[in-house]
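Got a structure for you, written out below as structure tokens; questions coming shortly.
The values are calculated or read from the model by the stated rules, or taken from the named source; none is laboratory data. Because the structure is a prediction, the values reported are computed rather than measured. Glycine also receives a Cβ, built like all others from the backbone with ideal geometry; neighbour counts cover every protein chain displayed.
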Amino acid sequence: MRFGIRDLASISQEEVLNFLLSLTKNNKQSTKRNRYSVLASFYNFTINTGYSALSNPCNTTIIKKVFRRPQATQWNIVDKETVDEIILRTTNARNRLMLELMARGGMRVGEVLSLTPADIQERSLSIQSPKSGRIGETVYVPRKIMVRLTSYVKSKNIDSRERIFPISYVAAWSMVKKAGNMVNIALRPHDLRRHAATYASRSGTPIEIVRKVILRHADLSTTQRYLGKVNDTEAIRWIETLYG
């Protein structure tokens with residue numbers, strides 16, 4: 001639409017750059033990179049299917065620099081002792097269950113908020129309309145949490161199709177933030193999900209289990225980004241455990 005019926009070869013590198021800049025104005029770098037990749041792939045496809053004389057303007061240094069891949073974020077991982085203390089000090093039954101489902105089951109906050117009694121199985125939880133786009137997913141959590149969750153549902157007389165935790169996304173975020181404040185850390189819901197994955201990995205759980213069972217990722221590289229960087233203290237502790 002931007003260039004009408006113009007021949008591709010007549011569109012200059014400067015025009016391509018301005019097109020990408022206008023298309024991605026105010027977007028995050030990751031989104032800019034995705035838009036760039038799509039256009040670069042379009043040009044490559046055109047070149048490979050009959051327009052071999054065409055050069056890909058997306059391969060120029062300046063465009064590649066502007067739309068470079070964003071630097072991978074390395075998240076701070078909350079250690080087990082801190083998570084245990086947060087859960088232990090949380091006296092509200094509802095809040096504690098929500099924290100445990102995120103920290104022990106690796107659940108996203110939206111998944112926790114969507115739970116209904118009908119989703120509770122004998123040893124697992126069913127996730128309806130998961131983020132992955134699949135028909136459904138299964139979350140496995142420790143038996144003691146399942147027992148407390150079932151007891152909580154009965155004590156509150158929650159109907160099978162009602163939400164177990166009928167609070168808003170903002171309220172859930174606020175609850176997690178306040179839980180972190182108890183131990184003087186800035187805590188977000190996803191930090192608990194990352195903790196679940198990292199703790200499982202550090203405890204010797206095969207990464208395929210972490211990916212498929214805890215995080216339910218389709219791509220292994222996504223799981224690897226979740227796992228925290230090993231610091232010096234942790235490295236020394238592992239070496240001493242192995243060879244000390």
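Restricting attention to the range 36-54, report how many residues are part of a loop (DSSP other than H, G, I, E, B) and surrounded by fewer than 13 Cβ atoms within 10 Å (Cβ to Cβ).
Matching residues across the range 36-54 total 4.
Look through the range 60-112, keep the residues that are small (G, A, S) and surrounded by 21 or more Cβ atoms within 10 Å (Cβ to Cβ), and return whichever of them is nearest to S174 (Cα to Cα).
Step by step, filter the range 60-112, then rank; the result is A103.
Please specify each residue of the range 202-234 satisfying the condition of being more than 21 Å from L125 (Cβ to Cβ), aliphatic (A, V, I, L, M) and at pLDDT 85 or above.
Across the range 202-234, the qualifying residue is only I207.
So K178 passes all but one of these: (1) within 16 Å of L113 (Cβ to Cβ); (2) surrounded by fewer than 17 Cβ atoms within 10 Å (Cβ to Cβ). Which condition number does it fail?
Here K178 clears every test but (1).
For the range 11-32, which positions are loosely packed, with under 12 Cβ neighbours inside 10 Å and within 14 Å of K65 (Cα to Cα)?
S30
Tell me which of these G180 doesn't satisfy, since it passes every other one: (1) within 14 Å of V78 (Cα to Cα); (2) under 19 Å from the mean Cα position of the chain (by Cα).
All conditions are met except number (2).
Would it be correct to say that T31 is more than 30 Å from H195 (Cα to Cα) and either in contact with a Cys (Cβ under 9 Å, 6 or more places away or on another chain) or of a type in the set (S, T, N, Q) (or both)?
No, not satisfied.
A follow-up question, please. For the range 188-202: of the residues being of a type in the set (A, V, I, L, M, F, W, C) and crowded, with 22+ Cβ neighbours inside 10 Å, which is farthest from V78 (Cα to Cα)?
Taking the candidates together, the pick is A197.
Hey, among the residues in the range 160-175 that are of a type in the set (V, I, T) and part of a loop (DSSP other than H, G, I, E, B), which one's nearest to P117 (Cα to Cα)?
I164
Restricting attention to the range 63-115, report how many residues are in contact with a strand residue (DSSP E or B) (Cβ under 8 Å, 6 or more places away or on another chain) and more than 23 Å from S129 (Cα to Cα).
Counting residues in the range 63-115 that are in contact with a strand residue (DSSP E or B) (Cβ under 8 Å, 6 or more places away or on another chain) and more than 23 Å from S129 (Cα to Cα) gives 0.
Moving on to the next point. Which pairs do you get when a residue that is among the aromatic types (F, W, Y), found in the range 107-134, comes within reach of a residue that is part of a loop (DSSP other than H, G, I, E, B) and surrounded by 19 or more Cβ atoms within 10 Å (Cβ to Cβ), reach meaning Cβ atoms under 7 angstrom, with the pair 6+ apart or on two chains?
Going by the 7 Å Cβ cut-off, there are no qualifying pairs.
Six or more apart or on different chains, Cβ under 7 Å: which pairs go from a residue in the range 21-48 that's more than 14 Å from I63 (Cα to Cα) to one that's of a type in the set (V, I, T) and modelled with pLDDT of 90 or more? Could you list them?
Sorted first by the residue in the range 21-48, then by its partner, the pairs are T31/T24.
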